[in-house]
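The values are calculated or read from the model by the stated rules, or taken from the named source; none is laboratory data. As the structure is a computational prediction, the values presented were derived from the model and not from experiment. Every residue, glycine as well, gets a Cβ built from its backbone with ideal geometry; the counts of neighbours run over all protein chains shown.
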Amino acid sequence: MERRTLLAVFLAFVVVYVYQAYIAPPASPAPTEQTSAAPTAVAGAALATAPAVPAAPVAAAAPGPSMVVGAEREETVTLETAQVRAVFTNRGGRLTNWVLKGYLDRTGKPVDLVASGLSIAQPLPLSIETDTPALTARLNDALLRTQVDDASKRVVFEGEDGDGVAIRKEFQLDPASFLLSVSVSARQGTQPLATGLVWGPGLGDLGATTGGGFFSRDTSRAPEALLQNGEDVERVSYSKVVEGSTARTGTYRFIGIDDHYFIVAALSTGPLTGTFKALSHAMPGQEGRERQLLSVVLRQQEPGKALKLYVGPKSFDVMKGIDGEFVRAINFGFWAWLAVPFLGVLKWIYGFAGNWGWAIILLTLLMNIVIFPLRHKTAVSMRKMQEVQPQMKAIQDRYAGLKATDPARQKMNAEIMALYKEKGANPVSGCLPTVLTFPVLFAFYSLLSEAIELRNAPFALWIQDLSTHDPYYVTPILMGVAMFWQQWMTPATGDPTQRRMMMFMPVMFTGMFLTLPSGLAIYYFVNTLWGIGQQYFTNWMLGPMAVQAPRPPAERRVKSVGSGKTEKVERKS
């Protein structure tokens, strides 16, 4: 029974893997480095429109009256905090760089969340959008007067032309986090202009790496739109944006776009409309490879009201310090209830281990110590099941000639259950620890794939990023060998066919772990080694197995009516 249960779980596991790895379309691969070359093809789609089509160039600024309030030349302003270096241009008061000092890309440079290497037709982050393309172009191209207060990390851009078209943008960085306060107002004469604030396309994290989607090949996850309005977090995939979902209107706990490890989102908004756009950027010199990006336009119903943006890493502690609900933007999935506590304990262990790989190993050992009694009890039960195998086989042989629908087979089941009860064997407990490891495995996978703390985190020797697969496949192979060892020494409580199928399980797991995060392979390898050691300990403690001789074919046990005693009754063939 326990072998069949485990086999069912294993087969379901295999089906999910095969589908995701070989049938479901993989996400577009991430480029390995940034490039400033112009793209060979650009496509875009508003969230409320049809699939992506080549994007029209942004309307050029029509010649207009000279600026009454403004600047004579383009210049940049840099504001820095301990976490961020933000570079603004006075041409439209927009953002050219948002550099995260504590996070590096694959080239070893700090991550810049402003996408580069794109067509000039794409607007810079913090551009504005009006109902008139020509007016939008004029406002975003205007050279604005700059006022900087470096002490408060604040910059103000102002401008007004001879037609009375005026704009004011105010940005202020939070010195202790990744927050940016944005206030934008525009008017034509005395009439306020309805404007939207643009972020995108983004994000610019070209160095993000991951173990892939759920048991899929090693790719960076495509960006997605996400928002929380009420209790639920809605996630709109890149493909859904391209297909043409509708714009979202409401008051949001957060709304924005993210990629695997970074996010830009407006927090605690008033009433607004968020419209997402998709951009497919063909990589120069890399035929067939595309970079997928999203942008968002936020239109507030109260013009000029300050908007708080978070532009930074999806770090659980940082986001929780801003808003306890904001951490739900980290997509731990169904296993969040288990992955989040694991992450807390893992970070606590890392505090004194100083290495994320050793922290994973220590956490694995700690978990196995906690479940040691359960595993020991299960091993004892499996030993008892192995001891009664000859007697159970004799019972099954006596009824072998009966059909499965024959009522007499109920007697066989009753005799087997009576045998289990007499010997204290439990046919279910043998697979319980293995089944319990699956939630832990899935939770660990979510944790290792999503936690930014493990991004680019080295362990030792050839493993320099625990969030990606082992580049030389050493840990998956060692794990497979350990699984073979564990299966070989596990007491045989099922029929030979099932046991041979279970011996194939290490092969499948090894194949799956070749593309999964190396941190996950380390966890499962250590977990398997512990199981082997505990099985040897249990075997030593229990001593040699007592072999139970089967009953003679003409003998069976029955209950004496009224006496409650068990006696032997002879039956002639």
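Test of understanding: among GLY312, GLY324, which residue is in the same structural domain as THR96 (by TED's automatic domain parsing) and either buried (at least 18 other Cβ atoms within 10 Å of the Cβ) or in a helix (DSSP H, G or I) (or both)? First the steps, then the outcome.
Numbers: GLY324 fails: either buried (at least 18 other Cβ atoms within 10 Å of the Cβ) or in a helix (DSSP H, G or I) (or both).
Result: GLY312 is the single residue among GLY312, GLY324 that is in the same structural domain as THR96 (by TED's automatic domain parsing) and either buried (at least 18 other Cβ atoms within 10 Å of the Cβ) or in a helix (DSSP H, G or I) (or both).
Every residue in the range 327-348 that is under 24 Å from GLN464 (Cβ atoms) and crowded, with 20+ Cβ neighbours inside 10 Å, please.
ILE330, ALA339, PHE342, LEU343, LEU346, listed by residue number.
Let me spell it out: the conditions are (1) surrounded by fewer than 19 Cβ atoms within 10 Å (Cβ to Cβ); (2) modelled with pLDDT of 90 or more; (3) in contact with a Leu (Cβ under 8 Å, 6 or more places away or on another chain), and ALA353 meets all of them except one. Which number is the exception?
ALA353 satisfies all of (1) surrounded by fewer than 19 Cβ atoms within 10 Å (Cβ to Cβ); (2) modelled with pLDDT of 90 or more; (3) in contact with a Leu (Cβ under 8 Å, 6 or more places away or on another chain) except (2).
Go through the range 55-109 and report how many residues are at pLDDT below 90, in contact with a Lys or Arg (Cβ under 8 Å, 6 or more places away or on another chain), surrounded by fewer than 16 Cβ atoms within 10 Å (Cβ to Cβ) and within 29 Å of HIS281 (Cα to Cα).
1
Please specify each residue of the range 396-424 satisfying the condition of being within 48 Å of the chain's Cα centre (by Cα) and part of a loop (DSSP other than H, G, I, E, B).
Answer for the range 396-424, where residues must be within 48 Å of the chain's Cα centre (by Cα) and part of a loop (DSSP other than H, G, I, E, B): ALA404, THR405, GLY424.
Any residue at all in the range 327-336 that's modelled with pLDDT under 90, in a helix (DSSP H, G or I) and under 27 Å from LEU179 (Cα atoms)?
Looking for residues that are modelled with pLDDT under 90, in a helix (DSSP H, G or I) and under 27 Å from LEU179 (Cα atoms), one finds at least one in the range 327-336, hence yes.
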